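Here's the structure, in structure tokens; my notes come after.
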Amino acid sequence: MHENQNSTPADVTMRVPRPMPPAPADVTLRMPHPFPPAYAAPRQIRPRLLWIFLSWALFVVLVVAGVGGFAGGLFSTLGDAAPATIFSGGQSVNVALDPADKPAIYAAVDQPTDVRCQLGDGADPRVRLTRPAVSQTVTLNGTTWELLFEAGVPEAGTYQLACEGDGVRFGVGKQLTGAVGMLVGGAVALLALPTVGFLAALIVTIVVLARRSAARRRLA
């Protein structure tokens, strides 16, 4: 007889697989954008080129001033020497003469003719007319005046002058040598002003360019 024998169940250990953790979702970390670097404006090179432009503009102004000064002195000299008192041949006039002005007698003629003049009444030998050492002519307003006599007077005053000449106009003015100071002043202005302006502009140009070159080297 068979006997039912129940076998004692053996200990059974089961390994249940651990649940897999859910796959991590895609995570995108947004890092803050870095701040852009501060904008730095480029440093200007000093000194500015404007100084060179201004210096040469000054040179041009001085050239114009020099030419204007010379032209003004020239026209002033001619205008000062030209006869201020004009009369016709055969007339007698009273004129104010000053030895400091170097007075002179001029004549305007269209053709060669004989002329004769007398200054004063002949009582004072210091009042006299002398022939000029060199020929001088003054052209003003279309009229050419030729120097006839240099008037010598001892002091400033009014003197009587009589001249004769057919178809001749006479005039009392000044010798060009008496008004040469204005002409010399104009010539000095013509030479000095542009020279000073050119040297100043040249120096400014050299200094500005040298300093700008040094400034570039420091910034490099």
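The values are calculated or read from the model by the stated rules, or taken from the named source; none is laboratory data. This one's a predicted model, so the numbers in the text were calculated from it and none came from an experiment. Positions of Cβ are backbone-derived with ideal geometry, glycine not excepted, and every protein chain shown enters the neighbour counts. Surface accessibility is based on the protein's heavy atoms, side chains included, excluding ligands, DNA and RNA. Shrake-Rupley method; radii C 1.70, N 1.55, O 1.52, S 1.80 Å.
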Could you tell me which residue of segment 168-220 is farthest from the chain's Cα centre (by Cα), considering only residues that are under 30 Å from VAL115 (Cβ atoms) and modelled with pLDDT of 85 or more?
VAL168
GLN111 - would you say it is among the polar types (S, T, N, Q), in contact (Cβ under 8 Å) with a residue 60 or more places away in the chain and open to solvent by 20 Å² or more (accessible area, probe 1.4 Å)?
no
Search segment 207-220 for residues that are over 12 Å from TRP51 (Cβ atoms) and pair each with any residue that is open to solvent by less than 60 Å² (accessible area, probe 1.4 Å) when their beta-carbon atoms are under 8 Å apart and the residues are at least 6 apart or on different chains.
ALA215/ILE45; ARG216/ILE45; LEU219/ILE45
Picking from ALA108, ALA133, the residue that is among the small types (Gly, Ala, Ser), modelled with pLDDT of 70 or more and out of contact with any Phe, Trp or Tyr (no Cβ under 8 Å at 6 or more places or on another chain) would be ALA133
For GLN160, indicate whether it is modelled with pLDDT under 90, of a type outside the set (Gly, Ala, Ser) and surrounded by 12 or more Cβ atoms within 10 Å (Cβ to Cβ).
no
Residue satisfying all of: in segment 46-74; more than 13 Å from VAL204 (Cα to Cα), surrounded by 15 or more Cβ atoms within 10 Å (Cβ to Cβ) and modelled with pLDDT of 75 or more; farthest from the chain's Cα centre (by Cα) among these:
VAL67
Could you count how many residues in segment 116-141 are touching a residue at least 40 places away in the same chain (Cβ under 8 Å) and touching an Asp or Glu at 6+ places or on another chain (Cβ under 7 Å)?
2
Starting from residues that are in a loop (DSSP other than H, G, I, E, B) and open to solvent by less than 80 Å² (accessible area, probe 1.4 Å), keep the ones in segment 126-149 and report whichever is farthest from ALA107 (Cα to Cα).
VAL127
Please go through segment 86-113 and give me each residue that is aromatic (Phe, Trp, Tyr) and under 17 Å from THR139 (Cβ atoms), ordered by number.
TYR106
